[in-house]
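Chemist: Here you go, one structure.
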Amino acid sequence: QVQLVESGGGLVQPGGSLRLSCVASGSILSPYDMGWHRQAPGKQRELVAGIMSDGTTTYADFVKGRFTISRDNAKNTVYLQMNSLEPEDTAVYYCNGVVAGLPWGQGTQVTVSS
């Protein structure tokens, strides 16, 4: 069964950048449409960005122009480059299929604060 491990989160000031990584084991990711999701305290989990098996990308309106999703199938890894971070981006970030059909990992905490 596939296992997803997210990393790269941390505390950053508004306007800063972080790069998240998601490494998969137990299965190859290349056939999957993968996404980054996030859940802020008291809110539902939401899809932030997706990258399809053919490399096509999609973004939520609130991150367009600031976040970039990418994948390296040779490394079985999905990335999320986050620039111009805002306090509203504070959340636990998870990778999963775009439709979230895989087991959830532990996520990685991103905190944007001065």
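Chemist: Looking at (1) of a type in the set (A, V, I, L, M); (2) farther than 13 Å from Q106 by Cβ; (3) touching a Ser or Thr at 6+ places or on another chain (Cβ under 8 Å), find the lone condition where L18 falls short.
Modeler: The number of the failed condition is (3).
Chemist: Moving on. Can you name the strands (runs of 3 or more DSSP E) wholly within segment 1-74 that have at least 1 residues being open to solvent by 80 Å² or more (accessible area, probe 1.4 Å)?
Modeler: Qualifying strands (runs of 3 or more DSSP E): 3-7, 10-12, 18-25.
Chemist: Please tell me if L80 is surrounded by 15 or more Cβ atoms within 10 Å (Cβ to Cβ) and more than 23 Å from V12 (Cα to Cα).
Modeler: Against the criterion (surrounded by 15 or more Cβ atoms within 10 Å (Cβ to Cβ) and more than 23 Å from V12 (Cα to Cα)), L80 does not qualify.
Chemist: When you look at N83, is it of a type in the set (S, T, N, Q) and at pLDDT below 95, yes or no?
Modeler: Here the answer is no, as N83 does not meet what is asked.
Chemist: Which members of segment 30-46 meet the condition of being under 20 Å from V110 (Cα atoms) and either of a type in the set (D, E, K, R) or out of contact with any Phe, Trp or Tyr (no Cβ under 8 Å at 6 or more places or on another chain) (or both)?
Modeler: M34, G35, R38, A40, P41, G42, K43, Q44, R45, E46
Chemist: Could you figure out which of (1) among the polar types (S, T, N, Q); (2) more than 20 Å from P103 (Cβ to Cβ); (3) without any contact (Cβ under 8 Å) to a residue 24 or more places away in the chain isn't true of Q13?
Modeler: With respect to (1) among the polar types (S, T, N, Q); (2) more than 20 Å from P103 (Cβ to Cβ); (3) without any contact (Cβ under 8 Å) to a residue 24 or more places away in the chain, Q13 is out only on (3).
Chemist: Which of the residues spanning segment 28-62 are of a type in the set (V, I, T) and within 12 Å of D89 (Cβ to Cβ)?
Modeler: Within segment 28-62, just V48 meets the criteria.
Chemist: Looking at the structure I just gave you, is Q106 at pLDDT 95 or above, of a type outside the set (D, E, K, R), closer than 21 Å to V2 by Cα and loosely packed, with under 14 Cβ neighbours inside 10 Å?
Modeler: yes
The values are calculated or read from the model by the stated rules, or taken from the named source; none is laboratory data. Quick caveat: nothing in here was measured; it's all calculated off a predicted structure. Here the Cβ is made from the backbone with ideal geometry for all residues, glycine too, and neighbour counts use every protein chain on show. SASA here: full protein model, heavy atoms, side chains in, ligands and nucleic acids out. Shrake-Rupley method; radii C 1.70, N 1.55, O 1.52, S 1.80 Å.
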